[in-house]
1. Which pairs turn up if I take residues in region B:26-42 that are within 15 Å of B:Asp317 (Cβ to Cβ) and look for partners that are outside any helix (DSSP H, G or I) with beta carbon separation below 7 Å, at least 6 apart in sequence or on another chain?
2. Can you name every residue in region A:292-307 that is within 22 Å of A:Trp117 (Cβ to Cβ), crowded, with 21+ Cβ neighbours inside 10 Å and not β-branched (Val, Ile, Thr)?
3. Do we have B:Thr124 as part of a helix (DSSP H, G or I), more than 14 Å from every other protein chain (Cβ to nearest Cβ) and surrounded by fewer than 23 Cβ atoms within 10 Å (Cβ to Cβ) here?
4. Kindly provide the set of residues from region A:254-271 that are outside any helix (DSSP H, G or I) and either within 13 Å of chain B (Cβ to nearest Cβ) or among the basic types (Lys, Arg) (or both), ordered by number.
5. Given the conditions (1) facing chain B (nearest Cβ under 9 Å); (2) at pLDDT below 85, which single one is not true for A:Asn337?
6. If the requirement is being closer than 30 Å to B:Met161 by Cα, among the β-branched types (Val, Ile, Thr) and buried (at least 22 other Cβ atoms within 10 Å of the Cβ), which of these qualifies: A:Val280, A:Val271, A:Val227?
7. Looking at region A:341-350, is at least one residue crowded, with 17+ Cβ neighbours inside 10 Å and within 11 Å of chain B (Cβ to nearest Cβ)?
8. Take A:Asn249 and decide whether it is in contact (Cβ under 8 Å) with a residue 40 or more places away in the chain and open to solvent by 40 Å² or more (accessible area, probe 1.4 Å).
Amino acid sequence: MLTYTIRRLVLSVPTLLFIALVIFMLLQLAPGDPMAQVPLTVPPEVKAKMREALGLGQPAYIQFWKWLVQMFWIEPQVFIDYLTQRSFLFSWLPDTHFYTACGPEVQGACDLRVISWQTRSPVMDIVVQRLPQTLWVVGMAYVVGVLIALPIGIYSAYRQYSVFDQAGTFITMIGFSIPPFFTGPLLIVLFSVKLGWLPFIYDTTHVVNSWESFVYQIKQMIMPVMVLALQTTAQISRFMRASMLDNLNQDYVRTARAKGLGEAVVVMVHVLRNSMIPVVTVIALLVPGIFGGAIITEVIFSVNGIGQLLITALFANDLPMVMTLTFIFAFLIVLFNLIADVLYGILDPRVRYD
Amino acid sequence: MTDPATTPLNALAEPEITRPPRSQWRDVWDQFKHHKGALLGGGFLLFITLSVLFGDLIWQLDPKKLDIRAKDMRPIYTAIWDSGAKVGWNHPLGTDQLGRDQLAQILAGGRTSMAVGWAAMLLTMLIGTTIGVAAGYFKRLEGPLMRLTDLFLSLPILPLMLVAVTLFRQPLRANFGPEGGMFILIVCVIGVTSWMQTARIVRGEVMAIKEREFVLAARASGTKSRGIILRHLLPNVLSPIMVSATLGLATAIITESALSFLGVGFPSDYPTWGKMLADAVDRMQEFPERVMLPGVAISLTVLAVNYLGDGLRDALDPRIRGR
């Protein structure tokens, strides 16, 4: 198992490099000009200088190499420095100074991080600012979705073709079919406009320090979480139902019943544990997809997470930001695919990779 | 009580053939008929397709015609609970803030959405089937093609689509006109990013079928690879392709609407369902029906396609058929 994990980890490096190259080439081929917003009165030689300052003058392979170096060599240095100097967990370690920022007073070697063309500040700093909002909403939505989906799947499989099962299947179908950009406005009209129960803009500056502010935080999270959770619930409850149905007719279930075990024990212990094996891997596989889905939800509810960051960066032609964000999404997909495969091997003793 | 002497005679008699042998597609149709959801879905899809194709022959208002005097009209059914509402039979579903007729816009928008959906689905199936058959049939191609599929599966699809559509909008618009360029771009982007599931399914089926005796017989009688693929393999993998085609149609419609909703789709004066929904969100407190109508249209179409796919899957599976 360990060798398999290591082999997959090693193999994921070329995959990620290839994906980074695809994204980079796509951005290179794109005709958008970052200098388009510069006024026409600026003379061409100044424009050429500005282009060079953005790193645009060099050939594509050098630009790609520089991005790789910045992303995998300089950004980790900054991260380690942050951990040892200011972070809550590791600040007891001796301070490190791997990263030297460039400045007028710096003599000798210095490094530049990935800089956003929009804000002229490091891309990763902005991403780190935006990430908690996305993680809160997306993570909560995923947990809620899974918690709703599992009981629905279990019960509809146990009572196959009952009224509950048919209603569940119908609701799953609706969850598949209604896109989030329709459920979002629908919920806003219903709960914010007509009933006035919930706020329809996610306030990211809101600080939770009392019971009232906590209640407000819950209230503003309900709608985005429900919109995202509907998609998750639809997919996972379907898998759960199919997996339970596969197991309910197995011989070991009959044996368990023949031993005289109670129905609750048979279903909730014997069948459920075996049915969870494929479902757990599906749960891991669907995580990156929900980050993609979060882009639309963040736009609808004005959550300023990384999805919204990507949209604004795209419209502003901010290529380093787009490149880094898309790569982060790709990284998440590769990571969770790996987690799913390894989990499958750990949970199911019949699966042997070696 | 029958006469015992006549019984053996009856048994010996040639069994009379009462009906011709049934074709496979007749069996499929018989099974399909039992799935009510699929029938309804198929019927609704047909209805939507016909109405977006020929609706403008019946409802001849121009969807782009501005009529500021008749702006912000409500749908005719609003008059039931609000007698003071601005309604009229000349605009049964109301008008928008520029006085464009909503019914005509829904029809025109549906035509775009369905055209993108069908074209993207066909492209997806073409790419997916080609790669799947090539990977399943030719041993040498299997490794590289499947690695390619895995790579595509780990690409972040929605962000990449956004990137591609935003960045390549200008040159295609310049070459093919604002609508044509966008149509080509969106169809290609959806097709290139969603063929992977089809390719995997088709490859699996092809690998199973090519070991069967009839393929061996075909090869023994001197059939070339081309003939085997076109005459023996493709007809046999048609059912999984059809099932994944319905899924592809549903995804393509949703993706196109999502791109339009995020503001990277068709130009602003060109109606599609997603675009109408996105434009209406700003004023949905006063005019909720402008969000509801295109939203319901998208959702019902996709729901119909999904049910159709469900029914097709059951009907095309010979293990379930006849139950």
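The values are calculated or read from the model by the stated rules, or taken from the named source; none is laboratory data. Because the structure is a prediction, the values reported are computed rather than measured. Cβ sites come from the backbone with ideal geometry, for glycine too, and all protein chains shown count toward neighbours. Heads up: the accessible areas ignore ligands, DNA and RNA and are worked out on the full protein's heavy atoms, side chains in. Shrake-Rupley method; radii C 1.70, N 1.55, O 1.52, S 1.80 Å.
1. B:Asp27/B:Arg321; B:Gln31/B:Arg321
2. Within region A:292-307, A:Glu298, A:Gly305, A:Gly307 meet the criteria.
3. Values: part of a helix (DSSP H, G or I): yes; more than 14 Å from every other protein chain (Cβ to nearest Cβ): yes; surrounded by fewer than 23 Cβ atoms within 10 Å (Cβ to Cβ): no.
It is false that B:Thr124 is part of a helix (DSSP H, G or I), more than 14 Å from every other protein chain (Cβ to nearest Cβ) and surrounded by fewer than 23 Cβ atoms within 10 Å (Cβ to Cβ).
4. If the condition is that a residue be outside any helix (DSSP H, G or I) and either within 13 Å of chain B (Cβ to nearest Cβ) or among the basic types (Lys, Arg) (or both), then A:Lys259 is the only one that fits.
5. A:Asn337 satisfies every listed condition except (2).
6. Details: A:Val280 fails: buried (at least 22 other Cβ atoms within 10 Å of the Cβ); A:Val271 fails: closer than 30 Å to B:Met161 by Cα.
A:Val227 is the lone residue from the list that is closer than 30 Å to B:Met161 by Cα, among the β-branched types (Val, Ile, Thr) and buried (at least 22 other Cβ atoms within 10 Å of the Cβ).
7. no
8. Here the answer is no, as A:Asn249 does not meet what is asked.
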